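Engineer: Handing you this structure, nothing more for now.
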Amino acid sequence: MFTRVLFSLPIIALLATSASAQTVSDSTFGPTSGWTSAMIQNTTTPPSSATFTEIVPATGGFLGNVSGAGPYRQTTMTYQDGGIQVAHIYGAYTYSAATAGVSIAGLNFSYALIKFLPAGNTLSDAFAPLLLQNDTYYAAGSNSGTTPPYDGVFFQNSWETGSSTGSFSHVLIASDFVNVGGVGLVNALGPGPTHPDFSCTGAPIQFGYLTANSNLDFSSRLPR
């Protein structure tokens, strides 16, 4: 018996609020859209039980504020007892403050997501905005970035929309993001510092999101 949980996102957008604001967004999620995913935490028993898959259904998403319209990115996590975190990065866009000559004053983001799961389970799940800088993943957490996970309150089997000003109550700054892993690493922090560098001398940044699940209750397992 394994636990299976599905996360889906039809759109994610982050805005660098600075002297020269820029928007990063995607609502197609197709095979050439530039998304990559990697498992960065695996505390399951046994570790080999944890896997994830990605598909992009052509319909059923949330497009133009219409539920059930357009494509969406769907993540399925399969694992036994423990926890799993998967980083998703939009590689089609990179912001370089050094090249632009403009630091990042803050980031605003919006999203729509859904959780596919039968009622009556005891699984814990969460979502977070994610940055990649210097081979280090940074996830936005509560309590000024000191307490991931992030946004774990979203609807089961129906689309929910949110934003940083709603979920986090403010535009996100560097200290809201914390080091949660590194490229090619599992269960280890990345090589970068605790928080990303939003200054004009900071390394290039890519944007995305993190999905997380955990289950410590054998009775809540679902058939594979």
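The values are calculated or read from the model by the stated rules, or taken from the named source; none is laboratory data. Every value quoted in this text rests on a predicted model; they were computed, and no experiment measured them. Heads up, the Cβs are rebuilt from the backbone with ideal geometry, glycines too, and the neighbour counts pull from every protein chain shown.
Engineer: Have a look at I84, I104 and point out the one that is in a loop (DSSP other than H, G, I, E, B) and modelled with pLDDT of 85 or more. First the steps, then the outcome.
Structural biologist: Details: I84 fails: in a loop (DSSP other than H, G, I, E, B).
Testing whether each residue is in a loop (DSSP other than H, G, I, E, B) and modelled with pLDDT of 85 or more leaves just I104.
Engineer: Out of everything in region 27-78 that is assigned to a strand (DSSP E or B) and at pLDDT below 80, what residue ends up being surrounded by the most Cβ atoms within 10 Å (Cβ to Cβ)?
Structural biologist: The first filter runs over region 27-78 and keeps only residues assigned to a strand (DSSP E or B), leaving 35-42, 51-55, 62-63, 66-67, 73-78.
Narrowing the set further to residues that are at pLDDT below 80 leaves 62-63, 66-67.
Numbers: F62: 24, L63: 17, V66: 10, S67: 14.
It comes out as F62.
Engineer: In the list D135, D197, D176, which residue meets the criterion of being buried (at least 20 other Cβ atoms within 10 Å of the Cβ) and either touching a strand residue (DSSP E or B) at 6+ places or on another chain (Cβ under 6 Å) or modelled with pLDDT of 80 or more (or both)? Steps first, please.
Structural biologist: Numbers: D135 fails: buried (at least 20 other Cβ atoms within 10 Å of the Cβ); D197 fails: buried (at least 20 other Cβ atoms within 10 Å of the Cβ).
Selected residue: D176, the only one of D135, D197, D176 that is buried (at least 20 other Cβ atoms within 10 Å of the Cβ) and either touching a strand residue (DSSP E or B) at 6+ places or on another chain (Cβ under 6 Å) or modelled with pLDDT of 80 or more (or both).
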